[in-house]
Amino acid sequence: MTEAASQSYVAWYNVASGGQWAAWPPGEMLNPGDIGTFDAELSFHPRGKLSSFGVAVQVSAERQVRSGLYRSEAGLQFHNVSEHAVRVIAEEPGACILQLIDATEKSVLNREDVLDDIRMLLVRGRWDIDAQVVMGRTRSRGGFCAVSLAAGASLELVAAGDRQAIAEAAELDGAQWSLVTGQPAAGFSSFEFSDPTTAVFSPPVRVRHELWHWLLPWLAEENQLVDPTGRRYAPGDLPHDLSDLPPESRRYDPARSALRPAALSAMPLAEVFEEVTSPPELAAEEAPDQDAPTYLPEHAPGVFDLRAGAGALDLPKTVRRPGDRPVVLFDTASPDGLADFTLHDRGRGEFWIEVSLGPAIAPPAVVALRYATADGRQQELLVPVDDDGSGLPSSVAELPDYAIGASCQAFPVRPADLTTWPEEVLARSVKAVVTASAAQAWHRIAQSAGPDAGPVVARNLDAVRNRR
């Protein structure tokens with residue numbers, strides 16, 4: 001079986017079913033709660049079970065599903081051989097057939113509880129970031145699957161019982177077909193199902209790929225992540241399979257990972273996990289341009305536009321609906337590479353800005369943001385960034401009333417100069433804190449900000465604590 005053929009089969013079913021996966025090889029028995037990853041051939045390899053981590057999985061009873069014949073829309077010809085049999089000829093490589101007979105399915109019932117437990121394992125450094133969990137599967141007691149390896153490949157099928165085999169597409173799909181026993185399938189790779197065989201499984205769930213660069217404990221250099229072997233990756237171009245790396249380098253480490261445990265624990269589950277509904281190569285083709293990292297050219301000393309050079313993104317000025325997944329509006333670095341900025345659209349007019357500092361900056365540091373609001377005003381926000389002991393200073397703050405797609409400038413501010421800022425800006429900035437590390441940064445700054453700014457920061461920081 002060639003890698004190209006197995007990929008063709010799995011990708012074909014994934015697209016035809018709208019995100020479901022065909023197991024390859026289909027003899028591998030999968031069940032809800034199994035943990036694994038896909039390899040280069042899109043074969044799913046189990047690594048273990050959630051039960052071994054102490055996660056309680058409630059699974060439904062077996063439910064009968066419709067049997068049927070599934071096949072490529074083009075690339076296959078069917079010719080009568082007898083009243084009960086047909087010969088299938090492939091016009092091109094990668095043409096696929098799947099026959100399910102007496103099929104049943106079962107799935108995870110307590111999905112939210114399971115994901116909450118996995119998040120806890122993730123925060124504690126006990127979960128492989130690239131691990132994927134099977135949430136449902138379909139097994140078939142009979143039937144087969146086949147994929148052509150070359151044009152002209154052929155195989156022979158026989159109809160079950162006394163049903164007459166008819167080549168017309170409208171009636172072909174209604175029969176139950178089997179591979180002719182003892183008849184070699186010339187140029188096809190095929191498998192016959194026998195109980196128990198997992199033929200299909202629903203989209204597995206994993207940690208969102210777009211979060212990995214915040215979670216992996218890898219060294220960051222020049223806007224790239226460096227894995228333990230020395231390979232370098234842009235944040236948005238991390239591999240989907242990390243199985244070649246030791247466990248400790250593919251698990252979250254609060255001492256070395258960029259995202260703080262408090263922020264990770266506070267995130268909604270929908271922002272931590274995603275369903276894997278496309279093979280990696282299809283996902284890359286379908287990914288919106290706005291998810292691509294943007295690197296900025298030099299601007300005026302000390303002041304630069306976070307949106308400069310990113311005009312090709314053409315961000316839509318629309319209001320997102322409740323329930324829509326968060327979108328990264330930009331993920332960029334300062335021209336000198338000393339600070340990183342990520343703006344998240346969380347829906348319903350809520351935006352979060354994440355500011356991270358490189359090792360060349362001595363915390364605490366303050367970054368000022370100047371941006372346009374939805375009603376046309378210019379707003380300013382101060383974001384302090386401190387080191388909470390991890391060596392990777394990072395803060396997350398709300399960006400109130402941000403006008404989506406509008407310009408946003410950033411420039412450094414010395415903590416000692418906070419006394420020159422209006423009390424209204426200080427108060428709004430303190431109340432905008434999202435993560436514990438941001439609140440800690442304000443607390444430390446309040447102790448050294450002077451008699452004017454210090455009390456303003458402290459008073460509003462108390463209001464934030466009481467609010468939470």
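Assess whether VAL114 counts as being crowded, with 20+ Cβ neighbours inside 10 Å and modelled with pLDDT under 90.
Details: crowded, with 20+ Cβ neighbours inside 10 Å: yes; modelled with pLDDT under 90: no.
So VAL114 fails the test.
Of all residues in the range 245-258, those satisfying the criterion of being modelled with pLDDT under 90 and out of contact with any Phe, Trp or Tyr (no Cβ under 6 Å at 6 or more places or on another chain) are PRO254, ALA255, ARG256, SER257. Is there a residue in the range 216-236 that is in contact with a helix residue (DSSP H, G or I) (Cβ under 6 Å, 6 or more places away or on another chain) and within 22 Å of VAL276 (Cα to Cα)? Scanning the range 216-236, I find at least one residue that is in contact with a helix residue (DSSP H, G or I) (Cβ under 6 Å, 6 or more places away or on another chain) and within 22 Å of VAL276 (Cα to Cα), so the answer is yes. Considering the range 18-27 alone, what residues qualify as being surrounded by fewer than 20 Cβ atoms within 10 Å (Cβ to Cβ) and either modelled with pLDDT of 85 or more or under 17 Å from ALA146 (Cβ atoms) (or both)? Listed by number, the residues that qualify are GLY19, GLN20, PRO25, GLY27.
Could you tell me whether the range 428-439 includes any residue that is in contact with a Lys or Arg (Cβ under 7 Å, 6 or more places away or on another chain), part of a helix (DSSP H, G or I) and modelled with pLDDT under 80?
Let us first name the residues in the range 428-439 that are in contact with a Lys or Arg (Cβ under 7 Å, 6 or more places away or on another chain), namely 435-437.
Filter once more, so that each one left must be part of a helix (DSSP H, G or I): 436-437.
Still in the list and also modelled with pLDDT under 80: 436-437.
There is at least one residue in the range 428-439 that is in contact with a Lys or Arg (Cβ under 7 Å, 6 or more places away or on another chain), part of a helix (DSSP H, G or I) and modelled with pLDDT under 80.
Name the residues in the range 76-100 that are in a strand (DSSP E or B), of a type in the set (S, T, N, Q) and surrounded by fewer than 16 Cβ atoms within 10 Å (Cβ to Cβ), would you? Selection gives GLN77, ASN80. Applying the selection to the range 237-255, what residues are surrounded by 16 or more Cβ atoms within 10 Å (Cβ to Cβ) and within 23 Å of PHE341 (Cβ to Cβ)? The answer is LEU238, TYR252, PRO254.
Restricting the range 149-195 to residues that are in contact with an Asp or Glu (Cβ under 7 Å, 6 or more places away or on another chain) and at pLDDT below 85, which is surrounded by the fewest Cβ atoms within 10 Å (Cβ to Cβ)? So the residue we want is GLN164.
Contact annotation: residue pairs with Cβ atoms under 7 Å, 6 or more positions apart or on different chains, pairing a residue in the range 35-46 that is at positive phi with a partner that is part of a loop (DSSP other than H, G, I, E, B), are LEU42/TRP24; LEU42/PRO279. Annotation: THR104 fulfils all but one of (1) hydroxyl-bearing (Ser, Thr, Tyr); (2) in contact with a strand residue (DSSP E or B) (Cβ under 6 Å, 6 or more places away or on another chain); (3) at pLDDT below 90; the unmet one is (3). Report yes if ASP116 is closer than 30 Å to ALA266 by Cα, outside any loop (DSSP other than H, G, I, E, B) and charged (D, E, K, R), otherwise no. The answer is yes for ASP116.
Can you pull out the residues in the range 47-71 that are in a loop (DSSP other than H, G, I, E, B), at pLDDT 90 or above and surrounded by 15 or more Cβ atoms within 10 Å (Cβ to Cβ)? Break it down stepwise before answering.
From the range 47-71, those in a loop (DSSP other than H, G, I, E, B) are 54-58, 60-62, 65-67; that's our starting set.
Next, from what is left, pick out any that are at pLDDT 90 or above: 54-58, 60-62.
Within the range 47-71, VAL55, VAL57 meet the criteria.
Go through THR138, THR104 for me and flag whichever is within 30 Å of VAL272 (Cα to Cα), in contact with an Asp or Glu (Cβ under 9 Å, 6 or more places away or on another chain) and touching a residue at least 24 places away in the same chain (Cβ under 8 Å). Break it down stepwise before answering.
Working: THR104 fails: within 30 Å of VAL272 (Cα to Cα).
Answer to the check: THR138.
In the range 414-433, which residues are among the hydrophobic types (A, V, I, L, M, F, W, C) and crowded, with 18+ Cβ neighbours inside 10 Å? Before the answer, list the steps.
First, pick out the residues of the range 414-433 that are among the hydrophobic types (A, V, I, L, M, F, W, C): 416, 418, 421, 425-427, 430, 432-433.
LEU418, TRP421, LEU426, VAL430, ALA432, VAL433 - these are the residues of the range 414-433 that are among the hydrophobic types (A, V, I, L, M, F, W, C) and crowded, with 18+ Cβ neighbours inside 10 Å.
The values are calculated or read from the model by the stated rules, or taken from the named source; none is laboratory data. Since we're looking at a predicted model, the values are computed, not measured. All Cβ positions, glycine included, derive from the backbone under ideal geometry; neighbour counts span all protein chains shown.
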